[in-house]
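Peer 1: Here you go, one structure.
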Amino acid sequence: MQPLTVQTMHLPNPTTFDDLLDQQIANPRDRDIFRLRMQRHFGDCLEALGALYAQHPAWTQLLEQLPERLITAYAQRRDALKIHDLAREIQPDWFAEANMVGGIYYVDRLAGTLRGVIEHIHYLQELGLTYVHLMPLLQPRHGLNDGGYAVLDYRSIDQRLGNVADFIELSDLLRANGISLCIDVVVNHTAKEHEWAVKARAGDAQYLDYYLSFADRSLPDAYEQHLPEVFPDFAPGNFTWYPELGEHGRWVWTTFNEFQWDLNYTNPMVWLEMLDILLYLANLGVDVLRLDAVPFMWKRLGTNCQNQPEVLDLLQAWRAAMRIVCPATIFKAEAIVAPDDLVQYLGLGRRTGKLCEIAYHNSLMVLLWSALASQRADLFTQSLLNMPATPSNAAWITYVRCHDDIGWAVTDHNAALVGEDGPLHRQFLSAWYSGEFAGSFARGEVFQYNPLTNDRRISGMTASLAGLEQALETADPAAIELAIRRIALLYAVIFSFGGIPLIYMGDELGMLNDHSYLHDPTKANDNRWLHRPAMDWCLAAQRHDPSTIAGRLWQVVRHLIQVRQQTPALHSAGQTLPIWTQQRHVLGVVRVHPLGRILVLGNLSATPQRVSLAVIQQASFVGRLQNLLDADALTIDIQSHEIVLDSYQCCWLSTQA
Ligand code: GLC
């Protein structure tokens, strides 16, 4: 067969490209595959890079180095991963399948080390996971490190957890067991002790240009006029003075903590260095790269420096480059931003299919907690109806809790549409979930009170926020029952919404807030550690005993997983349409997919609620209804023509053929 040709004329030296490919890739079939992928994706990469850097003095250097980096990474990719690439190219919607169910774990808190995780893999399998997100595990700086989000070395594993060999062994094992592995890559900033920052401090101008820094306050002050503060409480401001930097000291852009230095992506070499890191991690066998804090990667004076269009170019260029080398690896955007901005990360318009495959559905998470506190569905329904459409080839990560706080991202506009006052409602939610509000069932804590905006975010484990902690304290069996039902309701909704549902470590057992972080000086000022407890293996040992709370919740979650995995219509490509149930306490969501139609109803109150069958029929559910979650738990009042939902009950309704 004639060797395939690729349109390499836009490269400075196509002959060098071919020579390099021949030199580095021994197998002619592998060379052909690489050329085919270049043909398909390199244009997307170049288009985005051109938009960002064509005028930059290092543009030619970038064009020269890029093919070499791609070929080298491909040469280093193991055969097993190349087969994995093929499998995923054959089934490009693998992450959207109804069988996808994820879990989030801290390695040390789950099992001490990576080897410990290997020993506990049976637990993840027994739960039924097909996706595991291991929280930051690359070598962080010592001392304070924002839960590992201040990376010292992207190419080594946190020494306390193990080493690269352990990591490869674990990733191979997970893959062999049908579990995709997700890890964090902090792309917006590095630790201030990262070698690039160290070189910058040592006076190396090349590396100083890897970060955003300023000789005086004039530009920082101008930027600050429009910049919000991410951690107003323990890390106010967005710039930090480093006297040892430059000739007379410089202000470094530090969006998060002073020890996290924002990278300068106007420098193409930074994009290229980070690409190298992404390729390296993909070659260790990572399936999903969670790109941390992506909205912040590009700054523009006069804006809040989030979600700038250039961020999409940076992502498009990485995405295309990765598809050439390691198509099995996909991107998850960590963009906790307003819905209109958020959907951009999944690729719209000319960027369809060219950006991140998955992203967190922060709005859904916030709206669920809001609905649970107010016992009302209207804001949930209205806000979701106003969400922009999601591209059908991308998927949401749906979740109830994660390692971060909950910020009340409810817009004033949507609140007003349902007769609520936005600021008042947000204050109510903070009061409710911190337990201050009279009658609240929750036990959370306020995170980052901002006196300027009155914002109060919330920390806490699902079970504690849903009432279990308080109910156990008062030893009230009825309250315990209600708390279990609330947790079950939240999870039943995220399991049916479309996308990959993520179970936060310990939620499957009802683990509560953990105050032990207060004794650790590197954690004590950050109450997000309240909801990052060590796995309670004693509680886990109760999971097969349904008379225990852990056993009840385990059963709930296991059941959701089983039903979801038998319901192909929950594939993410379907549409998710919120509906008005004409019953303020009951939320309704219709899932439409060629393989079936499902109506999700959730009672947000502790008392039984009725929904008219007419509403259900209007949503095109005509015929004999069945509840996929529990065939026996479907109460229809024939007289009044209504479905009766028990307290906090969630039904997944379909019509029988
Ligand atoms: C992300 C992480 C958060 C961290 C921040 C800065 O938002 O989820 O935990 O503090 O990025 O890296």
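Peer 1: Where a ≥ b ≥ c are the square roots of the eigenvalues of the C-alpha gyration tensor, would you call segment 150-274 rounded, which needs a/c under 1.5, or, failing that, prolate if a/b is larger than b/c, or oblate? Don't jump to the answer; show the numbers that get you there.
Peer 2: On the way: a/c = 2.54, a/b = 1.91, b/c = 1.33.
Verdict is prolate for segment 150-274.
Peer 1: By a straight-distance test (C-alpha under 18 Å), which lysines pair with Lys332 as possible cross-link partners, with residues fewer than eight away in the same chain excluded?
Peer 2: Partners found: Lys354.
Peer 1: Ok, one more. Measuring from label point to label point, each 7 Å out along Cα→Cβ, what is the Glu258 to Asn13 span in nm?
Peer 2: It is 4.7 nm.
Peer 1: Using the Cα gyration tensor of the chain, with a ≥ b ≥ c the square roots of its eigenvalues, what is the shape: rounded (a/c below 1.5), prolate (a/b larger than b/c) or oblate (neither)?
Peer 2: On the way: a/c = 1.72, a/b = 1.40, b/c = 1.23.
Note, shape of the chain comes out prolate.
Peer 1: For the chain, which whole-number percentage of the solvent-accessible area (1.4 Å probe, protein heavy atoms only) is attributable to carbon and sulfur atoms? Walk me through the numbers on the way to the answer.
Peer 2: Values: 12870 of 24590 Å².
That fraction is 52 percent.
Peer 1: If you average the alpha carbon positions of segment 38-111 and of segment 548-599, how far apart do those two centres end up, in angstrom?
Peer 2: Going from one Cα centre to the other spans 32 Å.
Peer 1: Once every Cα of segment 195-262 carries one equal point scatterer and solvent is ignored, give the base-10 log of I(q)/I(0) from the Debye formula at q = 0.17, 0.25, 0.29 Å⁻¹, two decimals.
Peer 2: -0.57, -1.10, -1.31
Peer 1: Run the numbers on the chain and let me know its relative contact order in percent, using alpha-carbon pairs under 8 Å that are six or more apart. Don't skip to the end; give the middle numbers.
Peer 2: Values: 1270 pairs, mean separation 77.9, N = 657.
Reported relative contact order: 12 percent.
Peer 1: Once a ≥ b ≥ c are taken as the square roots of the eigenvalues of the Cα gyration tensor of segment 456-496, is the result rounded (a/c under 1.5), prolate (a/b larger than b/c) or oblate (a/b not larger than b/c)?
Peer 2: Values: a/c = 3.54, a/b = 1.23, b/c = 2.89.
Because a/c hits 1.5 or more and a/b fails to exceed b/c, segment 456-496 counts as oblate.
Peer 1: About the Cα centre of the chain, how large is the charge dipole given +1 on each Lys and Arg Cβ and -1 on each Asp and Glu Cβ? Please answer in debye to the nearest 20. Intermediate values should be presented prior to the final figure.
Peer 2: Details: 50 positive and 72 negative charges, 284 e Å.
Magnitude of the dipole: close to 1360 debye.
Peer 1: Another question, if that's okay. Mind checking which lysines have their Cα closer than 19 Å to the Cα of Lys523? Skip sequence neighbours fewer than 8 apart in that chain.
Peer 2: Lys192
Peer 1: Lys/Arg Cβ at +1, Asp/Glu Cβ at -1, dipole of segment 85-153 taken about the Cα centre: which of Asn145, Tyr131, Ala87 is farthest positive-ward?
Peer 2: My answer, from the dipole projection, is Asn145.
Peer 1: At 7 Å along the Cα-to-beta-carbon direction for both Asp545 and Asp412, put a label point, then send me their distance in nm to one decimal.
Peer 2: About 5.4 nm, to one decimal.
Peer 1: Please report the antiparallel percentage of the DSSP beta bridges confined to the chain, to the nearest 5. Intermediate results must be reported in sequence, preceding the final value.
Peer 2: Working: 46 of 74 bridges.
Antiparallel bridges: around 60 percent, rounded to the nearest 5.
Peer 1: Let me ask another. Starting from the 7 Å offset along Cα-to-Cβ, what nm value, one decimal, do you get for the label separation of Ala475 and Glu169?
Peer 2: Label-label distance for Ala475 and Glu169, simple model: 4.7 nm.
Peer 1: Give the distance, in whole Å, between the Cα centre of segment 609-627 and the Cα centre of segment 297-318.
Peer 2: Rounded to whole Å, the Cα centres lie 45 Å apart.
Peer 1: Evaluate the relative contact order of segment 573-656 (contact order divided by residue number), counting alpha-carbon pairs under 8 angstrom at least 6 apart; express in whole percent.
Peer 2: Answer for segment 573-656 is 31 percent.
Peer 1: Which residues among segment 68-107 fall inside the zone where the amide N is under 19 Å from a point 7 Å beyond the Cα of Arg29, along Cα→Cβ?
Peer 2: 74-91
Peer 1: Right, another one. Among the aspartates and glutamates, which have Cα under 14 Å from the Cα of Lys82 when same-chain residues fewer than 8 positions away are ignored?
Peer 2: Candidates past the 8-residue exclusion: Asp30, Asp32, Asp172, Asp287.
Peer 1: Would you pull out the residues with amide H under 5 Å of Leu138's amide H, same chain only if 5 or more places away, H placed 1.01 Å from N?
Peer 2: Sorted by chain and number, the residues that satisfy this are Asp158.
Peer 1: Grab the Cα-Cα distance for Leu424 and Ala51, subtract it from 0.36 nm times how many residues apart they are, and report the gain in nm with one decimal.
Peer 2: Details: separation 373, 0.36 × 373 = 134.28 nm, distance 4.31 nm.
Taking 0.36 nm per residue and subtracting the Cα distance, the gain is 130.0 nm.
Peer 1: Counting only heavy atoms of protein chains, what accessible area per residue, in Å², does the chain have with a probe of 1.4 Å? Could you put the intermediate results ahead of the total?
Peer 2: Values: 24590 Å² over 657 residues.
With the other protein chains kept in place, the chain gives 37 Å² per residue.
Peer 1: Show Leu52, Leu36 ordered by accessible area, largest first, where the area counts protein heavy atoms only and the probe is 1.4 Å. If you can, show how the numbers build up before the last one.
Peer 2: Numbers: Leu52 30, Leu36 90 Å².
Of Leu52, Leu36, the descending order of accessible area is Leu36, Leu52.
Peer 1: Given 0.36 nm per residue, what is the gain on full extension from Arg78 to Asp221 after removing their alpha carbon distance, in nm?
Peer 2: On the way: separation 143, 0.36 × 143 = 51.48 nm, distance 4.92 nm.
Extra length available between Arg78 and Asp221 comes to 46.6 nm.
Peer 1: Starting from 0.36 nm per residue, how many nanometres of slack lie between Ala633 and Tyr449 once their C-alpha separation is accounted for?
Peer 2: Details: separation 184, 0.36 × 184 = 66.24 nm, distance 4.31 nm.
61.9 nm is the gain from fully extending Ala633 to Tyr449.
Peer 1: With runs of 4+ DSSP H residues as the only contributors, calculate the mean residue ellipticity of the chain at 222 nm using -39,500 (n - 2.57) per run, divided by the residue total and rounded to the nearest 500.
Peer 2: Helices in the chain give a 222 nm mean residue ellipticity of -11500 deg cm²/dmol.
Peer 1: Where the centre of each part is set by its Cα atoms, how far does segment 392-439 sit from segment 152-226, in angstrom?
Peer 2: 31 Å
The values are calculated or read from the model by the stated rules, or taken from the named source; none is laboratory data. Please read all numbers here as calculations on a predicted model, not as lab measurements. Here the Cβ is made from the backbone with ideal geometry for all residues, glycine too, and neighbour counts use every protein chain on show. To get the accessible areas, we keep the full protein, side chains included, count just its heavy atoms, and leave off ligands, DNA and RNA. Shrake-Rupley method; radii C 1.70, N 1.55, O 1.52, S 1.80 Å.
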